[in-house]
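Peer 1: Let me give you the structure first, and then I'll get to my questions.
The values are calculated or read from the model by the stated rules, or taken from the named source; none is laboratory data. From a predicted model like this one, the values you see are computed outputs, not experimental measurements. Please note: Cβ atoms are built from the backbone with ideal geometry, for glycine as well, and neighbour counts cover all protein chains shown. Areas reflect the complete protein model, heavy atoms only, side chains present, ligands, DNA and RNA absent. Shrake-Rupley method; radii C 1.70, N 1.55, O 1.52, S 1.80 Å.
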Amino acid sequence: MRKHSKKLTAVVAGTAAAVALSGVAYAYWTTTGSGASGAGSTGTSSALTLHATTDASQLTPGGTTSVVSFTADNPNTGHQYVTSVSLASVEAWTDAARTISAATCDVTKFSMATVTENQDIPSGNGTALTNSGELKLNNAAVSQDGCKSVFLTLHLTSN
C-alpha cells in the first residue's frame, strides 16, 4: 500500500503545483474609469406652414363673424408642437386670384383672438388643427366701405 500512497502523493503534489502555476495565469490588474465615447447630434425644428380657411363673405362691421379653421404643414422628419395660432396680418384683394390689392380696405380693422391649440403635428402636410378661430371686422367710427366684397389673405403665426 505504501507504493500506492507514494503515487497518490506524487499525483496530488503535481496537481497542486499545476493549480498554483495556473493561478498566476489568471492574475489581473484592478482599475477604475469614467468618461464617454461616441458622438452624435439631435434633430432640429423646422418652420411650419399654417393655412387658414374661412368664408368671410358674411362678415359685417361689428356684426357677423367668420369661423377660421387651420391646417399645418410640417416639413420636418419628426413631430413638432403648436401651442397657439395668432393672426399676424390681413391682406385684402379685389379679385379672387389675389392679384389686385384692395388698397381702400383698412385691414387693421380685422381681428382674431389668439387660438390655443396645444397640438402635436406629425411630419407631413395638411394636419388639421383641433381648434378654430373667429375673424371679426371690428366696428369703427369710420366707413368701412373699402372692405366690401374683398377677398382676404390671413397671415398667421404660431408658437
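Peer 1: Hey, does the stretch 135-150 have a residue that's touching a Phe, Trp or Tyr at 6+ places or on another chain (Cβ under 6 Å) and under 24 Å from A47 (Cβ atoms)?
Peer 2: Scanning the stretch 135-150 turns up no residue that is touching a Phe, Trp or Tyr at 6+ places or on another chain (Cβ under 6 Å) and under 24 Å from A47 (Cβ atoms).
Peer 1: Just wondering, is there one or more residues in the stretch 67-82 that are touching a helix residue (DSSP H, G or I) at 6+ places or on another chain (Cβ under 7 Å), in a loop (DSSP other than H, G, I, E, B) and among the β-branched types (V, I, T)?
Peer 2: Kept after step one, since they are touching a helix residue (DSSP H, G or I) at 6+ places or on another chain (Cβ under 7 Å), are these residues of the stretch 67-82: none.
Scanning the stretch 67-82, I find no residue that is touching a helix residue (DSSP H, G or I) at 6+ places or on another chain (Cβ under 7 Å), in a loop (DSSP other than H, G, I, E, B) and among the β-branched types (V, I, T), so the answer is no.
Peer 1: Still on this structure: Working carefully through the options T130, T153, find the one that is in a loop (DSSP other than H, G, I, E, B) and in contact with an Asp or Glu (Cβ under 8 Å, 6 or more places away or on another chain).
Peer 2: Working: T153 fails: in a loop (DSSP other than H, G, I, E, B).
After ruling out the rest, the residue left standing is T130.
Peer 1: Something else: Only one of (1) over 18 Å from S158 (Cβ atoms); (2) free of Cβ contacts under 8 Å to residues at least 60 places away in the same chain; (3) outside any loop (DSSP other than H, G, I, E, B) fails for A92. Which number is that?
Peer 2: Unmet for A92, out of (1) over 18 Å from S158 (Cβ atoms); (2) free of Cβ contacts under 8 Å to residues at least 60 places away in the same chain; (3) outside any loop (DSSP other than H, G, I, E, B): (2).
Peer 1: Against the definition (open to solvent by 80 Å² or more (accessible area, probe 1.4 Å), outside any strand (DSSP E or B) and farther than 18 Å from D55 by Cβ), how does T116 come out, yes or no?
Peer 2: Details: open to solvent by 80 Å² or more (accessible area, probe 1.4 Å): yes; outside any strand (DSSP E or B): no; farther than 18 Å from D55 by Cβ: yes.
So T116 does not fit the description; no.
Peer 1: Right, next: Report yes if P75 is without any contact (Cβ under 8 Å) to a residue 60 or more places away in the chain and open to solvent by less than 60 Å² (accessible area, probe 1.4 Å), otherwise no.
Peer 2: Values: without any contact (Cβ under 8 Å) to a residue 60 or more places away in the chain: yes; open to solvent by less than 60 Å² (accessible area, probe 1.4 Å): no.
In short, no.
Peer 1: Do we find a residue being farther than 21 Å from L137 by Cβ, at pLDDT 85 or above and of a type in the set (A, V, I, L, M, F, W, C) anywhere in the stretch 29-48?
Peer 2: Scanning the stretch 29-48 turns up at least one residue that is farther than 21 Å from L137 by Cβ, at pLDDT 85 or above and of a type in the set (A, V, I, L, M, F, W, C).
Peer 1: Could you tell me which residue of the stretch 100-112 is surrounded by the most Cβ atoms within 10 Å (Cβ to Cβ), considering only residues that are touching a Phe, Trp or Tyr at 6+ places or on another chain (Cβ under 7 Å) and outside any strand (DSSP E or B)? Show your work before the answer.
Peer 2: Going through the stretch 100-112, the residues touching a Phe, Trp or Tyr at 6+ places or on another chain (Cβ under 7 Å) turn out to be 100-102.
Then drop every residue that is not outside any strand (DSSP E or B), which leaves 100, 102.
Values: I100: 10, A102: 19.
Top of the filtered list is A102.
Peer 1: Then there's this: Return yes or no: is F151 open to solvent by less than 30 Å² (accessible area, probe 1.4 Å), more than 26 Å from the chain's Cα centre (by Cα) and closer than 17 Å to L59 by Cβ?
Peer 2: Numbers: open to solvent by less than 30 Å² (accessible area, probe 1.4 Å): no; more than 26 Å from the chain's Cα centre (by Cα): yes; closer than 17 Å to L59 by Cβ: yes.
No: the conditions fail for F151.
Peer 1: Out of the residues in the stretch 75-92 that are among the polar types (S, T, N, Q) and modelled with pLDDT of 95 or more, which is farthest from A103 (Cα to Cα)? So that I can check it myself, show each step before the final result.
Peer 2: Here is the first cut: in the stretch 75-92, the residues among the polar types (S, T, N, Q) are 76-77, 80, 83-84, 86, 89.
Adding the requirement that they be modelled with pLDDT of 95 or more leaves 83-84, 86, 89.
On the way: T83: 33, S84: 30, S86: 23, S89: 14 Å.
The selected residue is T83.
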